[in-house]
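The values are calculated or read from the model by the stated rules, or taken from the named source; none is laboratory data. Computed from a predicted model, the values in this text were never measured in an experiment. Don't worry about glycine lacking a Cβ; one is built from the backbone with ideal geometry, like all the others, and counts go over all protein chains shown. The accessibility values were calculated without ligands, DNA or RNA, using every heavy atom of the protein model including side chains. Shrake-Rupley method; radii C 1.70, N 1.55, O 1.52, S 1.80 Å.
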Amino acid sequence: MNVSCRRFKNTTIMAKLLKGCDTKMVNLEIAHCTIKHHAVLFALFAKYTIKGFGEKGKEVIYSGVENYGHERGKRMAERAIANGDVLDFVNYQAYGEWVPEKDEMEFGILKTEPEFVSNVTKCEWCQSWKKYNLLDFGKYYCINIDAAVFNGFNEEFDMKATSNLSFGSDHCEFHWRNPMNKDDIIKLTQKKEKLGTSCTRNFNFHTSHLLHSMSKTLNDRLFEDAQLIINKVLQEYVLLFGKKYLDVLNRQY
């Protein structure tokens, strides 16, 4: 084989390799996780942990949600501090990391003083758990996620969810133990306008973070049994959504 033929052959092989890489990259780009993927992934963690370990499994899941929520809240706080902002209730709301897609969520305000009380009458997490017959496991996310994020943002903060859609109520209700007067609302509006989308992360990121955080809690609490559960979780997740929705999480968090 002469030099020109070898060059042609090598070029052809390289083209095929690059074509394969391009296809893989396109597949990763197409995979766009939403609240649905985040919700189902959590519910699968709860399903296999609780089925395998009963009451101990419930405690592990509670700890997993608390750890995950604290990590989210601390990340929000770090951004606020980096911008020179105090860790108050206004900035907690301003530095939120996610926004729903159209028609996924319905939020409301029940009162602003002496305590801010909000509600949710439509929730994509809850809808997703119902759709995939995982509500009995997904509902454990709702017990402490909001309090964990809130406390992660500021250790002095505490709130309480008094009702949850996932436990059969007609709405979720959140008591934030902080007021929100007219001046606060103006400050919040201005701060959100200033921040824009700089704090927002997509659900590829959030789902990847959930996978990483829950896996760490399971490893810390269940030791060698953890990987068996994680494997079952990922197998069913891939069965439901396809491998590309798992592959896309590997480069996000």
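Helical content alone sets the calculated 222 nm signal of the chain at -21000 deg cm²/dmol, taking -39,500 (n - 2.57) per DSSP H segment of four or more residues and averaging over every residue.
Taking a ≥ b ≥ c as the square roots of the eigenvalues of the Cα gyration tensor, the stretch 145-189 is classed as oblate, since a/c reaches at least 1.5 and a/b does not exceed b/c.
First check a/c for the stretch 66-173, with a ≥ b ≥ c the square roots of the eigenvalues of its C-alpha gyration tensor; if it is under 1.5, answer rounded, and if not, answer prolate when a/b is larger than b/c or oblate otherwise. Mind showing how you got there, number by number?
Working: a/c = 1.87, a/b = 1.58, b/c = 1.18.
Prolate is the answer for the stretch 66-173, as a/c is 1.5 or above and a/b outweighs b/c.
Helix 203-222 and the longest principal axis of the C-alpha atoms of the chain enclose an angle of approximately 80°. In a reduced charge model with +1 at each Lys and Arg Cβ and -1 at each Asp and Glu Cβ, the chain shows a dipole moment near 1600 debye about its Cα centre. Here the label points at Q235 and F205, each 7 Å from Cα along the C-beta direction, are separated by 3.3 nm in the simple model. Using a probe of 1.4 angstrom and keeping all protein chains present, the accessible surface of the stretch 103-253 works out to 55 square angstrom per residue. Estimated from the Cβ-Cβ distance and a Förster radius of 25 angstrom, the FRET efficiency linking N83 and Y253 is about 0.70.
Each peptide in 102-115, 230-243 gets a packing score, the mean of other Cβ atoms within 10 Å over its residues, and the list from highest to lowest is 230-243, 102-115.
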